[in-house]
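Data block below; observations after.
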Amino acid sequence: MQVDPKSPIGVFDSGVGGLTVVRALMERLPFENIVYFGDTARVPYGVKSVETIGHYTTQIAEFLLEKQVKLLIIACNTMAAVAAQQVQALSPVPVLDVIDAGAIGALAATRNQQIGVIGTPTTINSDAYAQAIHRSDPNVRVYSQACALFVPLVEEGWLDHPVTRLTAQDYLKTVLAQEVDTLVLGCTHYPLLKPLLQEVAGPSVRLIDSAQAMAQRTAALLKEQQIGNPNQSKPRYDFFVTDVPLRFQTIGERFLGRALPNVHLVKW
Ligand code: DGL
């Protein structure tokens with residue numbers, strides 16, 4: 001399918017967390033228009049069943065395709081873990097997901113071939129990161145840990161709180177005991193915990209921020225397919241949410257690091 005390079009990039013997530021990916025995209029690709037979808041009425045996805053997540057994910061992808069996006073980015077690790085193939089199957093435009101991007105980043109970073117992965121329970125139970133890493137290098141050892149409490153702690157704004165530190169020490173204990181030299185932050189919310197996680201993990205562990213990895217991957221794809229926006233003017237950003245935008249707006253500005261314009265409510 002012929003895509004229009006001036007069309008927006010469609011980014012979606014279960015709620016506010018995907019704004020970490022939007023932020024990285026805005027910094028890396030400052031002339032790209034972006035349409036974001038956050039399913040704030042049905043978040044969190046990280047503790048839902050594979051069937052439910054698949055159903056919600058395809059519904060959102062179809063919504064964004066109707067907006068004529070030139071590329072779909074699955075910013076939510078949980079959606080990517082269980083429904084990326086469903087999105088690939090229905091999309092006429094390229095689809096990128098955070099798990100592939102994070103796996104590529106981790107493989108490039110590791111020196112001792114021991115990688116840790118943290119994420120929501122659904123992401124970790126799906127084993128999607130280990131599978132993505134092993135597709136490129138079956139000899140790498142992958143140690144995973146579900147960290148269910150991190151999402152609510154981040155949304156509460158407890159980014160450097162003693163409770164978050166203790167929680168992180170406990171969650172990371174087993175993975176760090178395996179002497180991993182690379183740790184994938186396999187959830188949209190975890191980049192906000194980067195300073196704290198780096199302190200807990202120690203300076204010898206490289207943290208892979210899947211939002212940054214995704215922005216790099218997107219820049220490479222736009223170049224490869226020659227679909228970067230030729231207009232070097234101020235881009236347009238639109239944000240669609242499924243629940244009253246107030247909470248999205250307040251928390252979202254923390255995730256995005258700037259004001260959130262053009263927030264629209266979608267009534268399903
Ligand atoms: N966006 C989800 C992820 O990256 C975290 C929030 C949720 O559980 O829905 O896994």
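Values quoted throughout were computed directly from the atomic coordinates according to the rules given, and no laboratory measurement underlies them. Everything numeric here is computed off the predicted structure, so don't read it as measured data. Cβ coordinates were reconstructed from backbone atoms using ideal geometry, including for glycine residues, and neighbour counts include every protein chain displayed.
Debye-formula intensities of the stretch 52-177, expressed as log10 I(q)/I(0) at q = 0.13, 0.15 Å⁻¹, are -0.63, -0.80 (one equal scatterer per alpha-carbon, no solvent). Spin-label model, Gln68 to Ala41: label points 7 Å out along the Cα-to-beta-carbon direction sit 2.6 nm apart.
Stretching the chain fully between Glu253 and Arg135 yields a gain of 38.8 nm (0.36 nm per residue, less the alpha carbon separation).
I'd like the distance separating the alpha-carbon centroids of the stretch 196-266 and the stretch 38-110, in whole Å. One Cα centre to the other: 14 Å. Summarised as an ellipsoid, the stretch 13-72 has semi-axes of 23, 15, 8 Å, derived from the eigenvalues of the Cα gyration tensor scaled by 5 and square-rooted, with the largest first. With each label modelled as a point 7 angstrom along the Cα→C-beta vector, the Arg111-His264 pair spans 5.0 nm. The gain in end-to-end length when the Ser204 to Leu246 segment is fully stretched comes to 11.1 nm, 0.36 nm per residue minus the alpha carbon separation.
Across the chain, Cα pairs under 8 Å and at least six residues apart give a relative contact order of 28 percent. This ranking places Ser210, Ser91, Ser233, Ser49 by how few other beta-carbon atoms lie within 10 Å of each, fewest first, which gives Ser233, Ser49, Ser91, Ser210.
In units of the compact-protein estimate 2.2 N^0.38 Å, the chain shows a Cα radius of gyration of 0.95. Equivalent-ellipsoid semi-axes for the stretch 199-246 (Cα gyration tensor, √(5λ), whole Å, largest first): 29, 23, 10.
Note on Lys173: aspartates and glutamates with a C-alpha under 18 Å away, same-chain residues under 8 apart excluded, are Asp181, Glu199. In the stretch 149-234, Cα pairs under 8 Å separated by at least six residues give a relative contact order of 29 percent. Run the reach check for Lys267 against lysines, Cα to Cα strictly under 28 Å, same-chain hits fewer than 8 apart removed. What comes back? Filter leaves Lys6, Lys48, Lys67, Lys70. Within the chain, the longest run free of GluC sites (Glu not before Pro) that sit in a DSSP loop with at most 14 other Cβ atoms within 10 Å is 1-155.
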